[in-house]
Every structure is written in structure tokens, then in C-alpha cells.
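**Student:** Sending over a structure as C-alpha cells; questions will come in a sec.
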Amino acid sequence: MGQTYIEQRTERTEWFLKDRFGMFIHWGLYAIPARGEWVRNSERISNEDYQVYFDEFNPVRYDPKAWAKTAKAAGMKYAVLTAKHHDGFCLFDSKLTDYKSTNTKSGRDLVREFLDAFREEGLKVGLYYSLIDWHHPDYPAYGDEHHPMRDNEAYKRDPSTFGRYLDYMHGQIRELLTDYGKLDIMWFDFSYGEMKGETWRATELMETIRSLQPHIVLDNRLDASGGNGGSIHTSNPSFYSGDFASPEQIIPPSGVTDNEGRSIPWEACVTLNNNWGYGSTDKTYKKAGTIIRKLVECVSKNGNLLLNVGPDAKGEIPLESVRILEEVGEWVLRNGDSIYGCGQSELPKPEWGRYTRKGNKLYAHIFEESIGPVNLAGLAGRVKQARLLSDGSELFVSRPWNTEMYPNDAFFNFARPEVLTYPLPDERDTVVELILED
Ligand code: H79
């Protein structure tokens with residue numbers, strides 16, 4: 001008997017769910033206006049007015065090897081680059097359009113160079129491809145929910161030509177899956193209203209995708225929005241429902257399950273500041289400590305974190321982002337055992353932080369100091385050993401005199417005497433590796 005869809009999905013996503021942490025890269029012409037990748041939508045910019053950025057585009061400091069080193073040093077295991085965003089500009093040498101990076105002053109196939117550099121660093125690679133296209137003449141414009149020309153009657157289009165757009169879109173996806181070697185992830189964005197599922201000729205597209213690259217991991221947006229939903233959540237997912245749910249700018253309060261309560265693969269995509277594309281005045285960066293805790297939160301709920309950078313018009317990842325990623329990487333280097341290959345523990349969320357787990361190893365991620373010994377609720381007699389993960393040093397499991405009221409719990413502390421209070425070795429997240437009795 002053949003495998004069920006869910007069994008195949010489990011197999012395809014095995015590496016993905018172990019890797020847990022990836023880099024999202026939003027890059028395109030919108031790096032020049034530097035007001036985010038939705039600038040054409042929010043400022044209702046026509047193709048003609050957007051053309052100045054195409055004519056000017058020349059990222060002379062694009063060095064994907066440096067990007068790859070940044071990702072790797074941050075502890076990221078995979079990366080996803082925007083091959084085409086909603087503005088329709090292609091970062092690859094498509095034969096189906098002139099609207100591509102090889103026709104700009106830069107003259108480079110930015111996707112190919114990205115793939116080469118990231119593979120070279122041993123990272124898995126994926127491409128983001130926008131189902132939406134604000135540049136293509138056959139994509140609905142006037143009256144569409146999101147198109148920059150949605151209010152401009154001159155952009156009323158004959159719906160019968162939409163098929164030409166679909167041929168173009170299917171053709172470009174075929175190019176990406178044929179001419180660029182093995183891709184690990186394909187990240188489609190996004191469905192809305194009537195623009196979902198078979199409107200994209202999704203079954204046909206999936207047949208192409210699965211015949212060209214059967215192992216590729218797909219997001220769920222051929223039939224889901226940025227807010228998500230879609231048939232991946234049902235007990236009988238469709239052929240095009242994708243391999244993972246993709247909550248955007250939110251970490252799901254209790255992870256993601258289907259409507260029978262089974263955990264489904266998921267990846268939260270999150271920006272470092274408040275823009276995906278480069279925002280020159282957006283300085284709302286999250287602290288490294290926040291990113292560390294949010295990564296832990298995702299893993300503690302069986303999810304991944306795809307953390308975004310928006311390189312600038314010259315091709316550089318903003319220095320603020322690089323610095324945050326360096327600090328995150330310094331933590332991951334010492335504490336990665338509590339992230340990679342880990343998932344949810346069966347224990348409830350503890351008061352002081354979160355748990356992640358791999359086999360009989362339970363990782364206590366301590367965000368908040370205790371008074372006296374640290375409480376491990378419900379673990380009396382179950383903790384064989386406790387070590388500080390970052391340096392392997394011994395910690396002290398014991399029952400000081402003031403714990404006798406809590407017979408079901410275990411306790412440990414960072415130093416002796418165990419009854420006293422000690423500062424956390426790492427205020428961002430102190431990870432304690434607990435070996436449990438089987
Ligand atoms: O590529 C990134 C975003 O550009 C894209 N998905 C991620 C990965 C995305 N597409 N849609 N959305 C995000 C959500 C859309 C929100 C909207 Fe709006 C609210 C569209 C119109 C109102 C945000 C706020 C964009 C314009 C105003």
C-alpha cells in the first residue's frame with residue numbers, strides 16, 4: 001500500500017523540523033525606496049513610476065557568501081530568498097520575462113549566486129515565490145484587493161487573460177525547479193479571497209513540483225493566506241495543502257494542530273524590525289535576548305522560526321541585523337543542543353521559562369530568577385543529572401529544608417548551598433540539561 005499524504009509529509013519534513021531555525025531574506029527593487037516590500041501597494045505606485053528603481057538597481061556590495069556566513073554563525077540551518085515578490089521583479093534569469101536582475105545594471109543572477117553560496121556553507125536552501133504579481137499585464141488589477149492600481153479604472157482587465165498569467169507563473173516555477181539544482185524548500189505567498197487553490201491551477205502545479213523535486217518542502221499558502229488557515233488544518237489535507245503551516249508575525253499560542261488535535265509541522269516567519277523589505281528608518285529591532293526566547297518558544301511548541309533580514313539597495317544586510325544575529329549565534333553555539341532535533345515536552349509550561357525536549361533529555365530554559373532553589377514541578381525522583389548546557393558544569397539537585405511541602409517536585413540550584421539565591425548565568429536564557437530516568 002502507498003503512503004498516505006500525512007506519512008509522506010512526515011518524511012519530507014523530518015530534516016526541516018530538526019533544523020528549527022532559518023533565515024528569510026526579502027530583497028528586491030523595493031530596497032531602494034526603502035519603505036518595505038508593500039510600498040507599491042501602500043503608495044499606489046504604477047509600473048511606470050516603479051521603473052526608476054529597475055533602471056537604477058545595482059547592488060555592488062551583494063556578497064552572498066557573507067550572507068551565508070552570517071546565517072551560519074547565527075546557528076541558522078536553512079535560508080529562503082525572495083526569487084520574486086509581489087512587485088513581480090525576478091532575482092533570477094527567467095526566460096519568460098525581461099523584468100529580471102540580469103537586465104539591470106547589476107547583470108547578475110542573484111538567485112543562482114545565493115544558492116551557490118549558501119550550499120557552500122552547508123545550509124539548506126529555499127526560494128520564496130509570490131503567487132501575486134503586480135507587474136504582469138494579465139494579473140487582476142482594478143478591483144483586486146491588494147493591487148497598487150486597485151482603484152484605477154484604466155487598469156480594468158479582461159479576466160479571460162488570467163490564464164496567460166498562470167502559464168507564466170507555472171513556467172517560472174518550472175524554471176526554478178529545473179535550472180537551479182536541488183531546492184529544499186519552496187515558499188509560496190499567498191492566497192486570498194477567490195485567489196486560492198484551483199484558481200492557481202494548484203493540482204496541476206503540484207504535479208509539476210512533485211515530479212521535478214519530490215522531496216521539496218512546501219508551505220501551505222497555495223490555499224492559505226498570511227493569516228493562514230487552509231486545508232492543511234483539516235484531517236484530510238488536499239494535494240496542494242503543503243507540508244507546513246506558516247503563521248506570520250505571530251507565534252501560535254498553543255502550537256499548530258489539525259482539527260483532530262494532531263501536531264502539524266509549522267514555521268513562524270518573523271521580522272527583526274517591523275519590515276520584511278529594507279526599511280531605512282525602521283529601527284524597531286528586537287533584542288537578541290528576545291529572539292533567543294522566541295526561538296525557544298517555537299521549539300517548545302514543535303515549531304520552527306524563520307527569521308527575516310532585509311538587505312539594502314547595495315546588497316548588505318543591515319548592520320543592526322548582523323549584530324543581533326551575531327549575539328544570537330554566540331548563544332546558539334553553546335546551547336544549540338536544546339534547539340536542534342528538539343520539540344515539545346509533555347510537561348506544562350513552567351513558571352520560570354520553557355521546556356524543550358529530545359528523548360530523555362529535558363532542557364529547562366530559565367528566563368526568570370528564582371528565590372532559593374529552582375522548582376521542577378512534578379519531577380520528584382525523575383532527575384538523574386543536571387548540567388549547565390553552555391559549559392557542561394555540574395548543578396545541584398537536592399531538597400533543602402524549605403522544600404518539604406512539595407513532595408512531587410524536584411529542585412536544583414546553580415551553586416551551593418542550594419538553599420540560597422544566585423543570579424542566572426545567562427539572563428537571556430540559561431539552559432539546564434536534565435537527564436531524566438527512563
Ligand atoms: O513577504 C512578506 C509579506 O510581504 C507577505 N508575507 C510575508 C512573508 C505578506 N503578504 N501579505 N501580508 C504579508 C499580510 C498583508 C497585510 C495587509 Fe497590508 C494588510 C495588506 C494590506 C493591509 C501590510 C499592511 C501591507 C499593507 C498594509
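The values are calculated or read from the model by the stated rules, or taken from the named source; none is laboratory data. Given the structure is predicted, the values throughout are model-derived calculations rather than measurements. Neighbour counts run over all protein chains shown; Cβ positions are idealised from the backbone, glycine included. Quick note on the areas: whole protein, heavy atoms, side chains included, nothing else; ligands and nucleic acids left out. Shrake-Rupley method; radii C 1.70, N 1.55, O 1.52, S 1.80 Å.
**Student:** Return the FRET efficiency for the residue pair Lys283, Lys18: r is the Cβ-Cβ distance, R0 is 25 Å, and the value is rounded to the nearest 0.05.
**Tutor:** Numbers: r = 34 Å, r/R0 = 1.37.
Given R0 = 25 Å and the Cβ-Cβ separation, E is 0.15.
**Student:** Next up: Can you tally the net charge around Thr97? Count Lys and Arg as +1, Asp and Glu as -1, for every other residue whose Cβ sits under 15 Å from the Cβ of Thr97. Numbers along the way, then the final one.
**Tutor:** Numbers: positive: Lys84, Lys95, Lys100, Arg164, Arg174; negative: Asp87, Asp93, Asp98, Asp109, Asp133, Asp138, Asp167, Glu175, Asp179.
Overall, the nearby charge balance is -4.
**Student:** Run the dipole for segment 318-377 about the Cα centre, Lys and Arg Cβ at +1, Asp and Glu Cβ at -1, nothing else charged, and hand back the magnitude in debye, nearest 20. Don't skip to the answer; put the middle values down first.
**Tutor:** Details: 7 positive and 9 negative charges, 67 e Å.
Approximately 320 debye in magnitude.
**Student:** Something else: Among Leu436, Tyr50, Phe24, pick out the residue whose Cα is farthest towards the positive end of the charge dipole of the chain, where Lys and Arg carry +1 and Asp and Glu carry -1 on C-beta, about the Cα centre.
**Tutor:** Towards the positive end, the residue furthest out is Leu436.
**Student:** Please turn the phi angles of segment 72-89 into ³J(HN,Hα) values with the Karplus equation 6.51 cos²θ - 1.76 cosθ + 1.60 (θ = phi - 60°), one per residue in order, whole Hz, x for glycine and proline.
**Tutor:** Ordered by residue, 3J(HN,Hα) equals 5, 5, 7, x, 6, 10, 8, 8, 10, 10, 6, 6, 8, 9, 4, 6, x, 6 Hz.
**Student:** Measure nothing but the geometry: give the 0 to 90° angle between the long axis through the Cα atoms of 288-300 and the longest principal axis through the Cα atoms of the chain, rounded to 10°.
**Tutor:** Long axis of 288-300 versus the principal axis of the chain: about 80 degrees.
**Student:** Obtain the nm distance between the two label points defined at Lys314 and Asp63 by a simple spin-label model: each point lies 7 Å from its Cα along the Cα-to-C-beta direction.
**Tutor:** Using points 7 Å along Cα→Cβ, the separation is 1.1 nm.
**Student:** Something else: Quick one: Karplus J couplings for segment 379-386, per residue in order, coefficients 6.51, -1.76, 1.60, θ = phi - 60°, nearest Hz, x for Gly and Pro?
**Tutor:** My calculation for segment 379-386 gives 9, 3, x, 9, 9, 6, 7, 10 Hz in order.
**Student:** Where the only charges are on Cβ atoms (+1 Lys, Arg; -1 Asp, Glu), what is the dipole of segment 241-396 about its Cα centre, to the nearest 20 debye?
**Tutor:** Numbers: 18 positive and 20 negative charges, 89 e Å.
Dipole size: approximately 420 debye.
**Student:** Need the full-extension length gain, Asn274 to Met405, defined as separation in residues times 0.36 nm minus the C-alpha distance. One decimal, nm.
**Tutor:** On the way: separation 131, 0.36 × 131 = 47.16 nm, distance 4.71 nm.
That pair, Asn274 and Met405, stretches by 42.4 nm at full extension.
**Student:** Okay, moving on. Return the sequence-ordered ³J(HN,Hα) values of segment 238-246 in whole Hz as given by the Karplus equation 6.51 cos²θ - 1.76 cosθ + 1.60 applied to θ = phi - 60°, using x for Gly and Pro.
**Tutor:** These are the phi-based 3J(HN,Hα) values: 7, 4, 10, 7, x, 9, 8, 7, 9 Hz.
**Student:** Provide, in order from the shortest bin, the percent of all Cα-Cα pairs of segment 46-197 in each 5 Å bin, continuing until the bin that contains the maximum pair distance.
**Tutor:** 2, 9, 17, 20, 18, 15, 10, 6, 3, 1, 0
**Student:** Quick one: dipole size for segment 353-436, taken about the Cα centre, charges +1 on Lys/Arg Cβ and -1 on Asp/Glu Cβ, in debye to the nearest 20. Intermediate values should be presented prior to the final figure.
**Tutor:** Working: 10 positive and 11 negative charges, 90 e Å.
Magnitude of the dipole: close to 440 debye.
**Student:** Continuing with this model, one more query. Only bridges with both residues in the chain count here: give the DSSP antiparallel percent, nearest 5.
**Tutor:** On the way: 29 of 62 bridges.
Taking every DSSP beta bridge within the chain, about 45 percent pair in antiparallel fashion.
**Student:** Another one. Between Arg382 and Tyr340, what length comes free when the chain is fully extended (0.36 nm per residue of separation minus the Cα-Cα distance, one decimal in nm)? Please list the in-between numbers first.
**Tutor:** Details: separation 42, 0.36 × 42 = 15.12 nm, distance 2.35 nm.
Fully extending the segment from Arg382 to Tyr340 adds 12.8 nm.
**Student:** Another one. What's the angle, to the nearest 10 degrees (0 to 90), between helix 202-212's Cα axis and the longest principal axis of the chain?
**Tutor:** Once rounded, one gets 70 degrees.
**Student:** In Å², and per residue, what accessible area does segment 353-436 have when probed at 1.4 Å with the other protein chains present? If you can, show how the numbers build up before the last one.
**Tutor:** Numbers: 4130 Å² over 84 residues.
Per residue, segment 353-436 has an accessible area of 49 Å².
**Student:** Let me ask something else. Rounded to the nearest angstrom and ordered from largest down, what semi-axes does the equivalent ellipsoid of segment 1-125 get from its C-alpha gyration tensor (root of 5λ)?
**Tutor:** 31, 19, 14
**Student:** Near Arg382, within a Cβ-to-Cβ distance under 15 Å, what is the net charge of the other residues, with Lys and Arg +1 and Asp and Glu -1?
**Tutor:** On the way: positive: Arg357, Lys361, Lys384, Arg399; negative: Glu346, Asp409, Glu433, Glu437, Asp438.
Overall, the nearby charge balance is -1.
**Student:** How large, in percent, is the carbon and sulfur part of the accessible surface of segment 231-372 at a probe radius of 1.4 Å?
**Tutor:** On the way: 2800 of 5730 Å².
Answer for segment 231-372 is 49 percent, counting heavy atoms of protein chains only.
**Student:** Let me ask something else. Checking the table Lys95/Lys283; Lys18/Lys349; Lys65/Lys294; Lys283/Lys358; Lys84/Lys156; Lys72/Lys196 against a 32 Å threshold on Cα-Cα, which pairs fail? Mind dumping the intermediate values first?
**Tutor:** Working: Lys95/Lys283 38 Å; Lys18/Lys349 21 Å; Lys65/Lys294 27 Å; Lys283/Lys358 37 Å; Lys84/Lys156 24 Å; Lys72/Lys196 35 Å.
Table pairs above 32 Å Cα-Cα are Lys95/Lys283; Lys283/Lys358; Lys72/Lys196.
**Student:** Kindly report the accessible area of segment 201-305 per residue (heavy atoms of protein chains, probe 1.4 Å, no ligands, DNA or RNA), in Å². Can you show the working numbers first?
**Tutor:** On the way: 3800 Å² over 105 residues.
Per residue, segment 201-305 has an accessible area of 36 Å².
**Student:** Residue farthest toward the positive end of the dipole of segment 316-438, with Cβ of Lys/Arg at +1 and Asp/Glu at -1: which of Gly381, Phe411, Trp331?
**Tutor:** Gly381
**Student:** From the Cα trace of the chain, what convex hull volume per residue do you get, rounded to a whole Å³?
**Tutor:** Values: hull volume 65.5 nm³, N = 438.
Looking at the chain, the number lands at 150 Å³ per residue.
**Student:** Name the long-range amide H neighbours of Phe24: under 5 Å, sequence gap of 5 or more, or other chain; modelled H, no Pro or chain starts.
**Tutor:** Answer set, sorted by chain and number: Val80, Leu307, Asn308, Val309.
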